[in-house]
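A short worksheet on the structure shown next.
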Amino acid sequence: MTDKDQGVTVAPGAGFCPGVKKAIDCVLELEAAGKNPVYTIGPLIHNKQVTDNLAVKGIVSINSLDEAKEKNGVLVIRAHGITPDFQREVEAQGMKVIDATCPLVKKVHTVIAKYAQEDYDTVIVGDAGHAEVVGLLGYAKSKGHVVANVKEAEALPPFEKVNIVSQTTQEESIFYAVAEVIKNKSKICQISNTICQPTKQRQKETTELAKNADLVIVVGGKQSANTARLAKICGELCKRVIHVESAEEIKKEDVIGPKKVFITAGASTPGWIIDNVSARVKNLRKAEKSPLMILGALWNFIIQSSLYTAFAAAALTYVGMKLQGARNDLVLYAISFLFVFCLTLINKGKSEGSPYTGKRYYVVVAAAALIVLLSFKYKAAVYIPTLFFLLMGILYPFR
Ligand code: SF4
């Protein structure tokens, strides 16, 4: 969504991905149903503002099962998923367990388990230690490897049979570059691109919008892998990128210079934080509309609307007449102005593929009509060539 006046665009797909949204909705429903406490195994998402709000509601993040003291509570497995061993341990606790693992992460579990069953090695292209990757490794039957890039892939041994998967938030170009290296050193190689569709979509729209921006603001937790990845992608496409967790981090000097600002956010960033960031950026930019900026906007308008070229034509007529010692003739200046204005508009329209449509059509007709009227003030030696060249100009797009 673009605010044309402010030059601020928010990525249409910014905010919670379906997996994160489902997990958040799940714990909120449990809390609303009076379940207390609700334990999440690890923070539900990597966003401090959200986890702080959840903690106030009695939704507590724990790092080990020993921390779940209230046996009447509910244990929630977060969207990242866990290893099968840990799942068994959780279920043996005797507490109610809700599995909020994202279905798209579960799909990766299935792919890994299927090939691990057939004695394949598994290579996961992702961040070692990330909760999702730890969970994925658990399905690889002790034959799992994690690599983050081509360099790490080159250091792996050759494989007899290998299945290559990706962390769901991986960058596609990195995944395929790593897969290529491993394929070349393996006898049998299965490449399973398991980057989830919401991530692909987010990265695609970010790539398209970031390359045309003067400033990109990436909103999301500093610990969030997918937000960090978005910031990295944007850094390769735009000279200025800032990564913030909240609106308060944005300073005036960050946002008043750039013409086009693009705001994007990681999968774990709630919509209200994105809205706050967008509102703050717009307010700071609005407050900073100095007389100089207004002058700049006016100048742009004069240039883009062809008025500048038309003024130049009128000025040239004035100079020509002065050099010949002719007396001032405002009507003649007006004809020069309108003539060049009218033909420049037609020419612009032609280069855009539609010389006579929309508002431009009415402006051209009005300017041409005025030229005809004004030129009749003069004798035939003036108005006949004027009308002839006007007609030529009007017909020019149809040559
Ligand atoms: Fe699911 Fe993709 Fe969101 Fe991960 S990023 S939770 S796989 S939708």
For the range 175-192, name all the residues that are closer than 23 Å to residue 236 by Cα and within 16 Å of the ligand (Cβ to nearest atom). 175
Just checking, which of 104, 28 is under 25 Å from residue 137 (Cα atoms) and hydrophobic (A, V, I, L, M, F, W, C)? 104
Of all residues in the range 196-218 being within 16 Å of the ligand (Cβ to nearest atom), touching a residue at least 60 places away in the same chain (Cβ under 8 Å) and in contact with a Ser or Thr (Cβ under 7 Å, 6 or more places away or on another chain), the one that is farthest from residue 7 (Cα to Cα): 196
Just one listed residue, out of 330, 338, is assigned by TED's automatic domain parsing to the domain that holds residue 382 and either surrounded by fewer than 17 Cβ atoms within 10 Å (Cβ to Cβ) or more than 19 Å from residue 378 (Cβ to Cβ) (or both), and it is 330
Picked from the range 19-49 (must be within 15 Å of the ligand (Cβ to nearest atom) and more than 15 Å from residue 100 (Cα to Cα)), the residue surrounded by the most Cβ atoms within 10 Å (Cβ to Cβ) is 47
Among the numbered criteria (1) away from the ligand (no atom under 16 Å from the Cβ); (2) in contact with a strand residue (DSSP E or B) (Cβ under 8 Å, 6 or more places away or on another chain); (3) at positive phi, which one does residue 15 miss? (1)
Which residue out of 191, 174 is touching a residue at least 40 places away in the same chain (Cβ under 8 Å), open to solvent by 30 Å² or more (accessible area, probe 1.4 Å) and out of contact with any Cys (no Cβ under 8 Å at 6 or more places or on another chain)? 174
Suppose we keep only residues that are assigned to a loop (DSSP other than H, G, I, E, B) and within 18 Å of residue 46 (Cβ to Cβ) within the range 204-239. Which one would you say is farthest from the chain's Cα centre (by Cα)? 223
Just to be sure, is residue 233 more than 16 Å from the ligand (Cβ to nearest atom) and either open to solvent by 20 Å² or more (accessible area, probe 1.4 Å) or touching a Ser or Thr at 6+ places or on another chain (Cβ under 9 Å) (or both)? no
All but one of (1) within 13 Å of the chain's Cα centre (by Cα); (2) open to solvent by 20 Å² or more (accessible area, probe 1.4 Å); (3) not charged (D, E, K, R) hold for residue 242; state the number of the condition that does not hold. (1)
Which residue pairs have Cβ atoms closer than 7 Å, lie 6 or more positions apart in sequence or on different chains, and pair a first residue in the range 55-70 that is surrounded by 15 or more Cβ atoms within 10 Å (Cβ to Cβ) with a second residue that is among the aromatic types (Phe, Trp, Tyr) and not in a loop (DSSP other than H, G, I, E, B)? 60/39; 62/39; 68/39
Hey, among 146, 165, which residue is within 20 Å of residue 79 (Cβ to Cβ) and either acidic (Asp, Glu) or surrounded by 22 or more Cβ atoms within 10 Å (Cβ to Cβ) (or both)? 165
Against the condition touching a residue at least 12 places away in the same chain (Cβ under 8 Å) and of a type in the set (Phe, Trp, Tyr), how does residue 333 come out, does it pass? yes
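Per-residue answers, yes or no, for (1) modelled with pLDDT under 90; (2) in a helix (DSSP H, G or I); (3) open to solvent by 80 Å² or more (accessible area, probe 1.4 Å):
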{"site": "363", "(1), (2), (3)": "yes, yes, no"}
{"site": "378", "(1), (2), (3)": "yes, no, no"}
{"site": "388", "(1), (2), (3)": "no, yes, yes"}
{"site": "393", "(1), (2), (3)": "yes, yes, no"}
{"site": "397", "(1), (2), (3)": "yes, yes, no"}
For the condition at pLDDT 75 or above, open to solvent by 70 Å² or more (accessible area, probe 1.4 Å) and under 44 Å from the mean Cα position of the chain (by Cα), what is the one hit in 298, 292, 316, 343? 298
Can you tell which of 96, 151 is more than 13 Å from the ligand (Cβ to nearest atom) and within 22 Å of residue 19 (Cβ to Cβ)? 96
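The values are calculated or read from the model by the stated rules, or taken from the named source; none is laboratory data. What you are looking at is a predicted structure, and each value in this text was computed from that prediction instead of being measured. Cβ coordinates were reconstructed from backbone atoms using ideal geometry, including for glycine residues, and neighbour counts include every protein chain displayed. Only protein heavy atoms, including side chains, enter the accessible area calculation; ligands, DNA and RNA are left aside. Shrake-Rupley method; radii C 1.70, N 1.55, O 1.52, S 1.80 Å.
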